[in-house]
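For reference, the structure is listed below as structure tokens.
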Amino acid sequence: MPDHERVEIPKLQGHTCFACGTANPIGLNLCFYRSGDAICSDVTLKNYHEGWENMAHGGIISTLLDEVMSWTVIYFRRVFFVTRKMEVKYIKPVLVGVPLTVRGRLLRESKAPLIGVRAEVLDEKGHVLSRATGEFVEVPVERLSAVPDGLKRDMMELFSRLGEAGRRDGRCPSADC
């Protein structure tokens, strides 16, 4: 991975998202950081994430890719959204018990309300093991009737914290970032 400064990204506490939730006893509890124009997460999958013996289940790999793309949208766009579609390419086996980095980047050709993102799972030598492209749709907060108000408030606070962090580290010089 390129030698960029690693900027830790705060996440919500107490929620049960399978991928990033801190209150899910069987979840991945992923943490994220910015490195240049990418959002990353480091993870070592366990044997209970297997499909074939010693290899990660394709659904877990898909989850990793979807989640890093989601956090890429959260960090760089700070909007509510849903995953509209995702295409995954499995290139090489993703082994359990070895360190992995999952990395996401925004695609340049996105036009609101659509947000294009790409992601990849890398081994410790930087080889791409799987990749995905995703299309996400921005959703106005008032259309999220199924999302509890407390979670909406928590997300708005997170968006605000991310904007302040971006202005402090020089990534976003304007006040409306």
Label assignment, P(r) over Cα pairs in 5 Å bins from 0, in percent derived from the structure, set [x] 1, 8, 14, 19, 18, 14, 9, 6, 4, 3, 2, 1, 0, 0; [y] 1, 8, 16, 21, 21, 16, 10, 5, 1, 0, 0; [z] 1, 8, 13, 14, 11, 10, 9, 9, 8, 7, 5, 3, 2, 0, 0: [y]
Burial ordering of Glu53, Glu67, fewest other beta-carbon atoms within 10 Å first: Glu53, Glu67
Computed lengthening from Glu8 to Asn24, 0.36 nm per intervening residue step minus Cα-Cα distance: 3.7 nm
Largest-first ellipsoid semi-axes for the range 66-113, taking √(5λ) over the Cα gyration tensor eigenvalues, angstrom: 25, 13, 10
Most mobile of Leu65, Leu95, Leu107 in a GNM of the chain (Cα contacts under 10 Å): Leu107
Lys46-Leu107 pseudo-label distance in nm [points 7 Å out on the Cα-to-Cβ vector]: 3.5
Approximate spin-label separation Asp154-Ser35, in nm, with each point projected 7 Å along Cα-to-Cβ: 2.7
Relative packing of 96-106, 68-78, 130-140, which averages over residues the other C-beta atoms within 10 Å, highest first: 68-78, 96-106, 130-140
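Read-outs throughout are calculated quantities, based only on the coordinates presented, and are distinct from any laboratory measurement. Only a predicted model underlies this, so the values are computations on that prediction, with no experimental measurement involved. No Cβ is skipped: glycine too gets one built from the backbone with ideal geometry, and neighbour counts run over all protein chains shown.
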